[in-house]
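Each remark here refers to the structure printed beneath this line.
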Amino acid sequence: MAREWSARRGSTVPSPRFRALGYLRGAAASFVVAVIVAQQGVAPASPISSSAAPAAFAAALQAGPVAQDRGPVIRPLVATHTEHATPKPALLVDVTQALPVRLRAGSGPTIGWMPTGSKYYGIPLTAWVMSVSANGRYGRVTVPYSGTDRTGWISLRGLERHRTPYAVRVDLSKHLLTVTRLGKVVYRTSGATGAPSSRTPTGRFFVTDRIPFSRGSMFGSFAFGISGIQTHLPAGWHGGNQLAIHGTNAPWTIGTNASAGCVRVSETALAKLKPWLRLGTPVVIQA
């Protein structure tokens, strides 16, 4: 039988006659379902209203897996877990002129300075920017070589930007150095940390130097200077106060509290770190 349609306000709406036919077809389908259910001995499931669905889903999660012999289960089309966004690569900027680090983005008192070069070697500084202001004009940074973990804001205007997927985390309590790539662990190694009288300072830093040394030196064959300083140097120490991740000529100290504050690692670890730790790479040291 041909369909009959009536037009109302530019839309198509089924005519009363057609709606009546629809009701009859729906009733017939319901009758067929009831017959099938009766033959199989299974009670028809009650529909779940939109307001009851979240509660039903929560109850299902609490109940755990459903045995297969408990009949059909209505599973809502809702994710059963939360997907964590992959961390973005860290933002790095080349500092071409000394910049004031201000308390607030674009205003406030100056709380420190971002220098153009590293503390002892004068290597052009590439700084880690932890976050960017809403207007994109300012970046939040730690104040390098300040002996604190204080942060402030620098102007990003005219600064060349880079990205790195790598970051370093040092856990002092475990004598453990971990390298991550976009949040995923790619390498772990043991390290020596500060002796009881010269504990390694905690905080957020970034790589400022990549310096080769003669193999067998007290720094091993390579050192990664970072933007922190040791404020509690041991008595009689004359080697400067900048913190670093470096090798050692005393490998038996690795995994202990033995240094003036730096993190000592093996030659094998240095070889792993060299391709990953570019200037500006974030280094977070935690107790």
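The values are calculated or read from the model by the stated rules, or taken from the named source; none is laboratory data. Here the structure is a predicted model, which means the values were calculated and not measured. With ideal geometry, Cβ positions are generated from the backbone for all residues, glycine too; neighbour counts draw on all protein chains shown.
Looking only at the range 98-119, decide whether some residue is in contact (Cβ under 8 Å) with a residue 60 or more places away in the chain, under 29 Å from Thr231 (Cβ atoms) and either surrounded by 14 or more Cβ atoms within 10 Å (Cβ to Cβ) or within 26 Å of the chain's Cα centre (by Cα) (or both).
First, pick out the residues of the range 98-119 that are in contact (Cβ under 8 Å) with a residue 60 or more places away in the chain: 118-119.
Checking which are under 29 Å from Thr231 (Cβ atoms) leaves us with 118-119.
Of the ones still in play, those that are also either surrounded by 14 or more Cβ atoms within 10 Å (Cβ to Cβ) or within 26 Å of the chain's Cα centre (by Cα) (or both) are 118-119.
Checked against the condition, which is being in contact (Cβ under 8 Å) with a residue 60 or more places away in the chain, under 29 Å from Thr231 (Cβ atoms) and either surrounded by 14 or more Cβ atoms within 10 Å (Cβ to Cβ) or within 26 Å of the chain's Cα centre (by Cα) (or both), the range 98-119 yields at least one hit.
Looking at Gly136, Gly152, which one is under 21 Å from the mean Cα position of the chain (by Cα), assigned by TED's automatic domain parsing to the domain that holds Thr208, outside any strand (DSSP E or B) and at pLDDT 95 or above?
Answer to the check: Gly136.
Taking the stated definitions as given, is Arg264 basic (Lys, Arg) and over 23 Å from the mean Cα position of the chain (by Cα)?
When the stated conditions are applied, Arg264 passes them.
Please find, within the range 192-220, the residue that is farthest from Gly247 (Cα to Cα) out of those that are part of a loop (DSSP other than H, G, I, E, B) and among the β-branched types (Val, Ile, Thr).
Thr202
Given the criteria farther than 19 Å from Val93 by Cα, touching a Lys or Arg at 6+ places or on another chain (Cβ under 7 Å) and either at pLDDT below 95 or not aromatic (Phe, Trp, Tyr) (or both), does Ser221 qualify? Quick ask: steps written out before the conclusion?
On the way: farther than 19 Å from Val93 by Cα: yes; touching a Lys or Arg at 6+ places or on another chain (Cβ under 7 Å): yes; either at pLDDT below 95 or not aromatic (Phe, Trp, Tyr) (or both): yes.
So Ser221 passes the test.
Can you report the number of residues in the range 133-172 which are polar (S, T, N, Q), surrounded by fewer than 20 Cβ atoms within 10 Å (Cβ to Cβ) and either closer than 17 Å to Leu277 by Cβ or touching a residue at least 60 places away in the same chain (Cβ under 8 Å) (or both)?
Here the count works out to 1.
Conditions: (1) at positive phi; (2) modelled with pLDDT under 95. Tyr145 meets all but one. Number of the miss?
(2)
Only one of Ala167, Ala127, Ala134 is out of contact with any strand residue (DSSP E or B) (no Cβ under 6 Å at 6 or more places or on another chain) and aliphatic (A, V, I, L, M); which?
Only one candidate passes the filter, namely Ala134.
State all residues of the range 247-267 that are over 13 Å from His175 (Cβ atoms), touching a residue at least 24 places away in the same chain (Cβ under 8 Å) and in a helix (DSSP H, G or I); if no residue qualifies, say none.
Hit for the range 247-267 is Glu267, nothing else.
Please verify whether the range 225-239 includes one or more residues that are of a type outside the set (Ser, Thr, Tyr), assigned by TED's automatic domain parsing to the domain that holds Gly147 and in contact with an Asp or Glu (Cβ under 6 Å, 6 or more places away or on another chain).
Scanning the range 225-239, I find at least one residue that is of a type outside the set (Ser, Thr, Tyr), assigned by TED's automatic domain parsing to the domain that holds Gly147 and in contact with an Asp or Glu (Cβ under 6 Å, 6 or more places away or on another chain), so the answer is yes.
Taking the range 187-220 on its own, how many of its residues are without any contact (Cβ under 8 Å) to a residue 60 or more places away in the chain and either surrounded by fewer than 17 Cβ atoms within 10 Å (Cβ to Cβ) or outside the structural domain of Thr281 (by TED's automatic domain parsing) (or both)?
The total comes to 9.
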